[in-house]
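Following: one structure in C-alpha cells, then a few remarks.
The values are calculated or read from the model by the stated rules, or taken from the named source; none is laboratory data. Keep in mind the model is a prediction, meaning the values are calculated, not measured. Here the Cβ is made from the backbone with ideal geometry for all residues, glycine too, and neighbour counts use every protein chain on show.
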Amino acid sequence: MGLKNFNDINYPDNKKTEHTLEQYKMYVESAEKVSDRRSNLNTFYLSLTTTAAGIIGYLKTNTISNSEYLIIGLSISAILICIYWVNLLENYRKLNSGKFKVIHEIEKELPLNLYEYEWKKLGKGNDPKLYKKLSNVEKVIPFIFGTLFLLVVIIEILSMINCSC
C-alpha cells in the first residue's frame, strides 16, 4: 500500500487539498518533535557524561582510598552510556529520514515541494560544503567522551600495575 488511501476520482475535490494540507502540517510537526526529542537527548547525555567526568576529576584530585576501582567502574559505565547515546542518535536519524521521505511524498500532492527542493539545494547531504548532516556531527561528542573515558581506564589500570610492582 502506498501513501494514498483514496482514489482521486472518488475523493471530493473541495476536501482533498484541505485534508492533504492538514495531514501534511501534522506530519511536519511530528518531524519537528522528533528533532526536539533528539536535542533533549543530547542535552541529557551531555549532562550525564560531564557529570561523570566531574566525579572522576574529583576522585583523582582527592586522596580517597581505592578510588581507582570507582574511577574505572565509572569510566566503563560512561563508555557504555556513550555507546548507547550514539545508538539512540542513529535511531533518531533513521526515524527523521523516514519522516522526511514521507513528507516528500505528501508534497507531491501540494502546489510546492519546499522540503524536497531545499534538500536538493543542499546536495541531499552528499556535499559537506553545502550541508553537514547533523547526525554525523552529533556523534562526534559521544565519541570524544567515550575515547577520553577509555583513556582514563587505561591510565588507571597502568597506574595500578605500576603501583603493585
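Numbers below:
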read-out: Some residue of segment 3-17 being of a type in the set (S, T, Y) and modelled with pLDDT of 75 or more; value: yes
read-out: Scope segment 13-28; condition more than 30 Å from W85 (Cα to Cα) and of a type outside the set (K, R); matching residues; value: D13, N14, T17, E18, H19, T20, L21, E22, Q23, Y24
read-out: Residue satisfying condition, being without any contact (Cβ under 8 Å) to a residue 60 or more places away in the chain and either buried (at least 17 other Cβ atoms within 10 Å of the Cβ) or touching a Gly at 6+ places or on another chain (Cβ under 8 Å) (or both), within set L74, L70, L112; value: L74
read-out: Number of positions in segment 29-58 that are farther than 24 Å from N87 by Cα and buried (at least 16 other Cβ atoms within 10 Å of the Cβ); value: 1
read-out: Among (1) basic (K, R); (2) closer than 21 Å to K101 by Cα; (3) within 16 Å of the chain's Cα centre (by Cα), the one test that K124 misses; value: (3)
read-out: Matching residues, segment 116-145, being surrounded by 15 or more Cβ atoms within 10 Å (Cβ to Cβ) and assigned to a helix (DSSP H, G or I); value: E116, W119, G125, L134, S135, E138, I141, P142, F145
read-out: Tally, over segment 138-157, of residues that are more than 19 Å from S47 (Cβ to Cβ) and either modelled with pLDDT under 90 or of a type in the set (F, W, Y) (or both); value: 0
read-out: Among the candidates S75, S47, residue that is within 20 Å of the chain's Cα centre (by Cα) and part of a helix (DSSP H, G or I); value: S47
read-out: Where T63 falls short, out of the listed (1) in a helix (DSSP H, G or I); (2) out of contact with any His (no Cβ under 9 Å at 6 or more places or on another chain); value: (1)
